[in-house]
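Heads up: the structure comes next, in structure tokens.
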Amino acid sequence: ETGVTQTPRHLVMGMTNKKSLKCEQHLGHNAMYWYKQSAKKPLELMFVYSLEERVENNSVPSRFSPECPNSSHLFLHLHTLQPEDSALYLCASSQVAGARTEAFFGQGTRLTVV
Amino acid sequence: KNEVEQSPQNLTAQEGEFITINCSYSVGISALHWLQQHPGGGIVSLFMLSSGKKKHGRLIATINIQEKHSSLHITASHPRDSAVYICAVKMSGGGADGLTFGKGTHLIIQP
């Protein structure tokens, strides 16, 4: 248990569906991240929220829409996804206090787009 | 070319062996992380380093900032150490920039 909880753990969705991934942390951190891990590729940063404001969007397609309503919760809204979006989506949190802050990861959501 | 390179990509060893996994990076960093990912996906942070050496149980991590290189060592390896070990760096500049990851080293320890 790392203190970062993701739901659901597994999700199968059709290309026309709309779904949301949820991430929750109770570590008192003020930065939260979405990462994507595709097969045979390194983890890739998708979105960063610091102090509830989005500070980075690594050219992620608009079919992925993040939301950070408060410092403890982070969502990733999904719509009209493609099969190549099937991957493990990981949430992480950290405390933004200088550069040397440890990141804590959730268990991930295994997404399959059919 | 990936900014973070790990070697080896795959490693199979016998229980009890001393394991070394290497990580090289090509950018200025403020910290380097070693992470462990088990089947199922969850990631656990093992170490965060900005200089020198850290030890936790049978795990040792070292970093040489001048050579842009870090190693993760496992002493008296055990089958439960089987996992993917990932090196990740936080680039210089601070703030909430996310991490840049290596591709991981898939370690299997056989009984």
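The values are calculated or read from the model by the stated rules, or taken from the named source; none is laboratory data. Not measured: the values here are computed from a predicted model. Cβ: placed from backbone, ideal geometry, glycine included. Neighbour counts: every protein chain shown.
Which residue, of A:40, A:36, is under 12 Å from the mean Cα position of the chain (by Cα) and either part of a strand (DSSP E or B) or over 14 Å from residue A:105 (Cα atoms) (or both)?
None of the others qualify; the one that does is A:36.
Among the listed residues A:50, A:65, identify the single one that is of a type outside the set (Lys, Arg) and more than 10 Å from chain B (Cβ to nearest Cβ).
None of the other options fit; the residue is A:65.
Do the conditions hold for residue B:31, that is, is it within 14 Å of chain A (Cβ to nearest Cβ) and modelled with pLDDT of 95 or more?
Here the answer is no, as residue B:31 does not meet what is asked.
Looking at this structure, is residue B:80 more than 9 Å from every other protein chain (Cβ to nearest Cβ), surrounded by fewer than 20 Cβ atoms within 10 Å (Cβ to Cβ) and within 30 Å of residue A:10 (Cβ to Cβ)?
yes
Within segment B:55-77, how many residues are surrounded by 15 or more Cβ atoms within 10 Å (Cβ to Cβ) and in contact with a Leu (Cβ under 9 Å, 6 or more places away or on another chain)?
The number of residues fulfilling the criteria is 10.
I'd like to verify a number: residues in segment A:4-27 that are more than 9 Å from chain B (Cβ to nearest Cβ), part of a loop (DSSP other than H, G, I, E, B), within 13 Å of the chain's Cα centre (by Cα) and under 26 Å from residue B:87 (Cα atoms), how many?
Total satisfying the criteria: 0.
Quick grid of which residues meet (1) within 14 Å of chain A (Cβ to nearest Cβ); (2) within 12 Å of the chain's Cα centre (by Cα); (3) under 24 Å from residue A:107 (Cβ atoms):
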position	(1), (2), (3)
B:13	no, no, no
B:37	yes, yes, yes
B:51	yes, no, no
B:55	no, no, no
B:64	no, no, no
B:72	no, yes, yes
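So residue A:30 passes all but one of these: (1) within 11 Å of another protein chain (Cβ to nearest Cβ); (2) at pLDDT 95 or above. Which condition number does it fail?
So the condition that residue A:30 fails would be (2).
Residues that are among the charged types (D, E, K, R), over 17 Å from residue A:5 (Cα atoms) and in contact (Cβ under 8 Å) with a residue 60 or more places away in the chain: which strands (runs of 3 or more DSSP E) entirely in segment A:50-97 hold 2 or more of them?
none
Can you report the number of residues in segment A:12-28 which are acidic (Asp, Glu) and either free of Cβ contacts under 8 Å to residues at least 40 places away in the same chain or touching a Cys at 6+ places or on another chain (Cβ under 8 Å) (or both)?
0
If you go through segment A:79-114 one residue at a time, how many are under 11 Å from the mean Cα position of the chain (by Cα) and not polar (S, T, N, Q)?
Going through segment A:79-114 one residue at a time, the tally reaches 8.
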